[in-house]
Amino acid sequence: MSTAQPSALSRREWLLSEQPASRWQARLGRAYATWRRFLANKPGVLGLVIILLLLFVAAFASHLAAYSPVVGDLKGARLLPPSTGHWLGTDDLGRDIYSRIIYGSRLTLLVVVLVAVISAPVGLLVGAVAGYAGGWTDAVLMRITDIFLAFPKLILALAFVAALGPGIENAIIAIAITSWPPYARIARAETLMVRNSDYIKAVELMGASPFRVVWRHIIPMCTSSLIVRVTLDMAGIILTAAGLGFVGLGAQPPLPEWGAMIASGRRFILDQWWVAAMPGMAILIVSLGFNLLGDGLRDALDPRSSGQ
């Protein structure tokens, strides 16, 4: 014990050194300080636990689910209330709701991850290019962005899915198309703040091309704000996907998508309330987790924070 404590203390001092000896040490020190600020935010830690639990459930769905998510027992298990045999009850086709929610977590993660992977880089690139180039390039890109922002996200997604056809793949594409404009606005604002800084001017004087300036120096400086916004938008992405599933334009039966499960259970909301309430609770908990995590990341990644 006496030898472990000085070792841990020395590692912490090395990470928090105000005069790092290498770039690697400086990066590790920033990451460690950010992690400490995040751990100080208890709601953010709760959000992280919820999201880690979601990842665990999605990864081991086949082991956690007791029944098939698509095949039910119409004769002996139709619309059963929550019990020891079916923890969350069964639906109108005799399918176990708990098992369908467990497998539905995979679809939720698929939608969230793919939408973020598609829309965030597009918005970041558009905003950084518009902010750095200025002039007519900025005007054209921002007017296109304004056109997308002029429509409510769900309505615009409904229009795209109606044009592309129902299905989980088309729903992901539609949500991604409607999700990138806010990221472009954030990236442009961040770029305008640093475009005329001494740091960027020095890079330009060294002969760096506009592409290199944007890709290597401006985009990394916009990443922190974008990560926070993407995390906060996860709840909205989940709700949009659920809304598309609710109206029949998202995941198609028999896929256990939470929005589609609510749509199929709305006919029994008065007598068999669990059919619609249980997937609704899943959406509520996961959305809350992403919101809490986003708030925690915002406080941790804020360069004006006073954390140590």
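All of the numbers you see were taken from the coordinates with simple rules; none came from a lab. On a predicted model such as this, the values are computed, not experimentally measured, just so you know. All Cβ positions, even for glycine, are placed from backbone atoms using ideal geometry, and neighbour counts span all protein chains on display.
Placing unit charges on the Cβ atoms of the charged side chains and taking the dipole of the range 163-308 about its Cα centre, the candidate lying farthest along the positive direction among 274, 206, 187 is 206.
Between residue 79 and residue 163, what's the calculated FRET efficiency when r is the beta-carbon distance and R0 is 35 Å? Round to 0.05. That gives a FRET efficiency of 0.45.
For the chain, the residue among 220, 255, 161 whose Cα projects farthest onto the positive side of the dipole built from Cβ charges is 220. The mean sequence separation of alpha-carbon pairs under 8 Å and at least six residues apart, normalised by the residue count of the range 84-141, gives a relative contact order of 16 percent. Entry note, the chain: relative contact order of 24 percent, from Cα contacts under 8 Å with a spacing of 6+ residues.
Shape summary of the range 49-123, radius of gyration then Dmax from alpha carbon positions: 15.2, 51 Å. Assuming charge only on the beta carbon of Lys and Arg (+1) and of Asp and Glu (-1), the dipole of the range 90-146 about its Cα centre is about 120 debye to the nearest 20.
Projected over all directions and averaged, the alpha-carbon convex hull of the range 78-217 occupies 12.1 nm². Quick one: helix 23-39 against the long Cα principal axis of the chain, what's the angle to the nearest 10°, folded into 0 to 90? For 23-39 against the chain, the angle is about 40 degrees.
Under the rule a/c < 1.5 gives rounded, and otherwise a/b versus b/c splits prolate from oblate, where does the chain land using the Cα gyration tensor? It is oblate, given that a/c is not under 1.5 and a/b is not larger than b/c. Under a model in which nothing but the beta-carbon of Lys, Arg (+1) and Asp, Glu (-1) is charged, the range 13-77 shows a dipole of about 200 debye around its Cα centre. The dipole here belongs to the range 48-184: it is taken about the Cα centre, uses +1 on the Cβ of Lys and Arg and -1 on the Cβ of Asp and Glu, and is about 160 debye. Judged by the gyration tensor of its Cα atoms, with axes a ≥ b ≥ c, the range 200-308 is oblate; a/c meets the 1.5 cut and b/c is at least as large as a/b. Under 15 Å from a point 7 Å along the Cα-to-Cβ line of residue 301: which residues of the range 183-213 have their amide N that close? Zone members listed by number: 183-191.
Between 0 and 90 degrees, the angle of helix 4-15 with respect to the longest Cα principal axis of the chain falls at about 70 degrees.
Subtracting the Cα-Cα distance of residue 212 and residue 64 from their residue separation scaled by 0.36 nm leaves 48.5 nm. Helix 135-149: angle to the longest alpha-carbon principal axis of the chain, degrees 0 to 90, nearest 10? Once rounded, the angle reads 20 degrees.
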